[in-house]
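Student: Take a look at this one; I'll ask things after.
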Amino acid sequence: MVTQYGIKYAVNLITAHFGDLVAKVCECLLRKGPLTLQAIVRSTELTSSQVKNSLLVLIQHNCVQAFILDQTGEHGDGAKQSTQYIALFDNIIQRWRFPKFLTMVSKKLDKQCAELLEGLLQHGRLSLKQMFDRAKSGQNGGDDVVQEAFVKLLNAHFIERCPASEPVLTNPTKEEEAARKRAAKSGKILEVQETLEQRVVEAAMPTEALRFLFATETEPTADGGKDKSNSSSVTPGEKRKHDALESEAECGATDEQVVLWRANFDEFIWCLRHKACIENVRARFDDGAVIVFGAMLEATRSAEKKVKTENSVPLSLSSIYEEVIKSEEGRNITFDRVRASLVQLSCPPFVKAANESYSVDFKKIIELAQNEEVESIVLKRYGRDAYRMFRLLSNSGHLLETDKVADATFVEKKETPIILYKLWKDDYLQLEKLQIGVKQIPFQLWKVNKNTLKVHVLDEMFHAAFNLSQRVAFELEQEKELSNVLQDKRVNRLRKRLLLESSQMKLDDAIMLFHDF
């Protein structure tokens, strides 16, 4: 979901990285949605050349996707096609998380992999040849080392082939729309309708077989042809670099169209989501339950088809134990201990049991973490009485009268409506008035609407992130101006900036909880 302050935050990131001109084009697309080149020129009042160059920069850094909208005429007219450009909000805000991504790769793989990934993050998209040339100029190792790091990143799915440059997107026909509405009314379709951005991204994405494919060529065969292999294995020698570069042509690339690679943001968000779930479990259960839960995530990860998966695939108790003992700390856990941990994890239902199988309830874990985050905001901002009232209404899930709220939370009846009005005024509560008689004073009923509250809280977080980024930029400017002053003043400025940046990182964790997870 894209909120107003979310747009401001995204535009601020683009401005800091690419300047005002590119940011103006990006903001136009974020606020107005998909537009043609001519429409962008009219809206921004920039020249066609300026808009084209800005779009090229945004596409290079995976912030904008071009697509062709195929619109079939209603009265049997021919199809009308137009190239449009859509801003990828999710990819834009990932730019702030680049340090997290690099740290993750350094820990999971090695420093060489992190350096190769850093080049992709800096340049957006690179061919294999460009990666080799960059590594050679930076003296980051020979061709063997670079290709080995590349294969490691690819096998871990931290990098992927770039999407199609202009996928074709067709509007659903009237019959398909009517069928979808009928199914929705009958309750057959429960999924949230995909946004246009999601449809475009999905249409542009390479097939799963091609997305992480790295093909190499071996020695010529007896008949003079080449023995082609789709293996990502590495062989020593200078020929390996040549074969790797030749693989770009083998997979459909020519001199005019080279295979380009980029960072796979989905994989990083997957890892961060799993890490957040594990930390949530760690805060409630013992180490044994954490090990069992982590093993379940590891065993089911390959079956997850999208980041916001609600439930993992079911696993038998034997399969879970088999995964647990793969780790060193898991070998100290007995079969009965695994069973007991699964019982622990079922309350609250982080793990669901059915027919002797167990699955992770991601939706419940994330919702519980979101509820706790909002409750902590209410506690800090409005005090303990307001916290108890909000928690009561949030857990009840239905309308409650003012007096019932006061009685249940042991708050003075005179103070209760004042506190409730504060929460309602700041969009944390929903108020409904019920009048039974003509002359009677209407009852005031209160509830928490979690769907609208989630959007409101996320917008507040983007607002805070925007303000923090502005303040950090100001502190950096002040540091430059104080380069010739006393050491103590410079140290104090540096400490203040580091504290602000630490706050930014923590706030971004909360944003991911509400937006990405």
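The values are calculated or read from the model by the stated rules, or taken from the named source; none is laboratory data. Everything quoted here is computed from the prediction, not taken from an experiment. Quick reminder, even Gly has a Cβ in these numbers, built from the backbone with ideal geometry, and neighbours come from all protein chains shown. For the accessible areas, the whole protein counts, side chains as well, though only heavy atoms, and no ligand, DNA or RNA atoms are used. Shrake-Rupley method; radii C 1.70, N 1.55, O 1.52, S 1.80 Å.
Student: Add +1 for every Lys or Arg and -1 for every Asp or Glu among the other residues with Cβ under 9 Å from the Cβ of Y5, and state the total.
Tutor: -1
Student: What FRET efficiency comes out for S396 versus K306 if R0 is 22 angstrom and r is the Cβ-Cβ distance? Round to the nearest 0.05.
Tutor: The formula returns an efficiency of 0.10 here.
Student: Using heavy-atom solvent-accessible surface (probe 1.4 Å) with all chains present, what is the largest-first order of L453, L507?
Tutor: From most accessible down to least: L507, L453.
Student: Per the 1.4 Å probe, what fraction of the accessible area of region 282-386, in percent, lies on carbon and sulfur atoms?
Tutor: 48 percent
Student: With Cβ to Cβ distances under 13 Å as the rule, what net charge do the other residues near P349 carry (K, R +1; D, E -1)?
Tutor: +1
Student: Ok, one more. Expressed as a whole percentage, what fraction of the accessible surface of region 455-517 belongs to carbon and sulfur atoms when a 1.4 Å probe is rolled over the protein heavy atoms?
Tutor: Solvent-exposed carbon and sulfur of region 455-517 make up 56 percent of the total.
Student: Per-residue counts of other Cβ atoms within 10 Å, averaged by peptide: what ranking do you get for 46-53, 117-124, highest first?
Tutor: 117-124, 46-53
Student: Let me ask you something else. May I ask which of K380/K404; K107/K308; K364/K422; K52/K450; K363/K447 have a Cα-Cα span longer than 31 Å here?
Tutor: Over 31 Å Cα-Cα: K52/K450.
Student: Now for a different question. Can you give the FRET efficiency for K352 and Q478, using 1/(1 + (r/R0)^6), R0 = 41 Å, r = Cβ-Cβ distance, to the nearest 0.05?
Tutor: 0.20
Student: Taking the Cα centroid of region 350-419 and of region 88-139, what is the distance between the two, rounded to the nearest whole Å?
Tutor: 41 Å
Student: Same structure again: Could you calculate the contour length gain from K32 to K433, that is, 0.36 nm times the residue separation minus the distance between their Cα atoms, to one decimal place in nm?
Tutor: Extra length available between K32 and K433 comes to 140.7 nm.
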